[in-house]
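Structure first, then comments.
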Amino acid sequence: MTTHDTVAMLLPGSAPNDGLSGNVAQLFSDRLAHRRDALLQSLYAQLQGAASSHDQGAQATQQLLVAQQGLTGTPQEPLLTLAATHQDLVTQRLAHEEALQVLRQQAALQAQLTEFDALLASGAWKQAAEAAAAFPKTGCPALSEEAAHVQQACQQRLDLLEQTLQQHASASIRISAQAPSHSITVSRLQADQLWPAMASIGTLHSSVATLVEELTDKLFQPLLSSVGDTGPAQVQASDARETAVFEWVSEREDASTESAMIEDVLCKCLHFLADHLFKGIAAEAGAQLWPALSQLYTQHRLQAQCEAVKADLGALQQVAAAAEAIEKEAAALGFYTFPGPIHTFCQAALHILNWGSEGEEASLLARGQYSISAGCQALLALMHTILERACLAGSSSVAQALCAAVSDAALLKCLLPPEVHARQLQVPHVAALHAMDCQHLAQHLLLMPHCYQHLTQKKILTSLHYHGPAQQLQQATHACLTQMERQQVQELGQLLEAARGFRRLHEAQAGIAARRAIARVLHTLSRLGNALKGVLDLRTHAAVAGRIVDAVCGMTAGSILAMQSIGSEESEDLARIIAPLTTDAVPSALGFPQASATAPAAAKGLHAAAVSSAEAHAPQLLRLKELHFMLTARLIEIRDWSRAGRLRASGLAPHESAHMVRALFEDTENRRRTLEEL
């Protein structure tokens with residue numbers, strides 16, 4: 001078709017008959033060329049975009065070529081031909097790359113198999129198991145028949161390794177249960193290779209479970225059920241270079257043969273298992289061994305022993321100590337973490353003996369009640385409300401902000417102490433109430449995440465906990481009580497100053513002043529005990545009272561030791577003056593009246609437990625009691641107590657005891673011999 005014909009087709013109907021000038025024909029020819037170039041450029045851009053697609057380039061190019069099939073004889077035809085040729089080349093390249101990838105995977109699999117075979121042949125089971133763990137778990141895409149065979153070979157190697165490990169374990173570990181002899185033999189066990197290899201291929205748990213079941217049935221069950229209270233007649237443990245044997249025999253060859261205690265046998269057996277059988281996997285083995293062994297021991301021995309001595313506290317404590325020694329030994333060997341089920345059973349038996357079958361789960365001091373302020377109760381309710389709102393929050397950011405607000409609300413209790421008195425936290429009642437508020441909030445902060453975890457875990461990304469604020473509240477509790485104790489000790493020290501160091505009690509009004517000072521100290525301790533009683537929990541109250549009494553007794557003992565000479569009359573007066581302090585200081589500081597003979601047993605036990613706990617925090621009280629004894633004792637009695645170690649046990653240093661002897665007694669041969677012994 002000529003340019004003239006093309007132009008004639010583009011012009012109106014009568015235009016060709018009118019004739020065309022050269023300029024008009026050239027104009028329309030230029031326009032036609034421009035449109036053809038634009039069409040070719042658009043098609044080229046489409047082909048280029050389809051070919052450059054990474055995911056579906058071949059498919060997009062093919063679809064474009066199919067859409068342009070009717071353009072034969074047009075200017076686009078050469079370009080489409082080139083695009084089709086390019087498409088064929090791309091398809092071939094992709095097929096070759098896929099085949100090359102398959103070959104590479106086959107080669108890698110074959111290399112892994114070769115390495116595995118070499119390691120297995122050399123006995124390096126641990127490294128062989130690590131190599132087997134690197135085998136592909138599924139086949140490669142488009143695997144050929146040869147690649148499928150390689151994949152099958154991987155599974156065969158895994159089965160071969162597992163079979164080899166099981167055969168070695170069976171050949172190396174033999175547990176015999178032919179009465180009356182029971183033994184376990186470990187020979188040539190490569191524990192450093194066997195157990196890590198089993199762990200790598202995932203068969204360690206089942207293998208250990210099988211061993212534990214066999215040990216329980218053939219070794220521990222007969223040991224705990226058939227030998228009675230005396231234990232087996234013979235126990236042998238041999239450790240040769242390649243073979244280790246542990247054996248026990250239940251029948252005695254000689255009537256004079258002494259029996260081994262079952263607890264000792266169990267400890268020896270645990271040592272044998274840790275050193276030879278379960279070497280390197282004590283924790284994994286103990287997770288299955290110790291629950292079964294402790295249950296057997298409790299059912300067949302410990303329960304019967306506790307029942308036999310349930311009325312004798314001393315005997316029950318000995319039984320519990322022997323039983324707990326096994327559990328401590330197991331914990332030291334890595335089988336378990338102390339305390340465990342045996343310790344729990346022993347403590348329950350002791351608590352039943354102490355408090356009766358309908359008694360308490362723990363000591364009375366552990367269940368003391370305490371008081372909190374209304375502000376603390378309102379603050380705790382606010383925290384729970386905030387966490388409930390966090391559970392209902394629509395976004396995680398809002399939930400996290402609300403959970404953080406709980407920490408801020410708790411810390412307000414530390415930063416804003418009560419404004420009740422000018423010396424806020426030095427007043428005993430105010431300080432004790434603030435301390436219990438902080439302790440109560442700290443306990444609830446530690447429990448709150450467990451109460452709301454199932455509701456907030458979908459709202460927040462991290463685990464919910466308030467360890468930081470709880471620790472700060474606990475520190476505030478300790479600081480508050482320490483500040484109050486320091487203030488009370490200072491005031492009690494000022495009262496003791498009126499005694500003037502207990503010097504010259506027989507002159508003028510010195511004796512009366514000293515008695516009055518001790519009476520005021522006891523009265524102040526009584527007021528303090530009444531103020532703290534019911535606010536502090538009993539355990540904390542006992543600790544606070546003990547520390548304050550310890551400071552008072554320390555100051556009193558220091559004043560007595562500072563005296564250079566004490567006459568006979570003065571020593572008698574001094575003993576009478578300080579006697580109420582040695583007997584009534586702790587009950588007064590606890591706010592307890594003297595327990596009457598008709599009081600219930602629980603009240604007597606509570607009184608005795610509280611006094612004992614407070615005295616444990618007041619070592620200076622025992623020191624003052626020994627000084628009181630020395631003021632009224634004869635020289636020979638002091639010498640006997642010194643030989644028995646009582647003076648040193650009370651906390652009196654040898655030079656302090658010698659100083660009291662010099663101050664109380666005249667220089668005689670008897671005193672010199674006593675000083676030499678001191």
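The values are calculated or read from the model by the stated rules, or taken from the named source; none is laboratory data. Everything numeric here is computed off the predicted structure, so don't read it as measured data. Methodologically, a virtual Cβ is constructed for each residue, glycine included, from the backbone with ideal geometry; neighbour enumeration extends over all protein chains shown.
Assorted remarks:
- Residue among A644, A614, A609, A618 that is surrounded by 13 or more Cβ atoms within 10 Å (Cβ to Cβ) and modelled with pLDDT under 85: A609
- A single entry from L505, L495 fulfils the requirement of being at pLDDT 85 or above and either part of a helix (DSSP H, G or I) or assigned by TED's automatic domain parsing to the domain that holds V661 (or both): L495.
- Count of segment 309-345 residues which are assigned to a helix (DSSP H, G or I) and modelled with pLDDT under 80: 5
- Scanning segment 508-546 for residues that are in a helix (DSSP H, G or I) and more than 23 Å from P428 (Cβ to Cβ) yields a count of 6.
- Hits in segment 380-398 - residues which are farther than 18 Å from L447 by Cα and part of a helix (DSSP H, G or I): S396, S397, V398
- Qualifying helices (runs of 4 or more DSSP H) (wholly inside segment 144-228; at least 3 residues being modelled with pLDDT of 75 or more): 204-215, 221-226
- Of the residues examined, R500 is not one that is of a type in the set (K, R), within 25 Å of T477 (Cβ to Cβ) and part of a helix (DSSP H, G or I).
- For segment 370-400, a residue qualifies if it is within 28 Å of the chain's Cα centre (by Cα) and loosely packed, with under 12 Cβ neighbours inside 10 Å, but none of them does.
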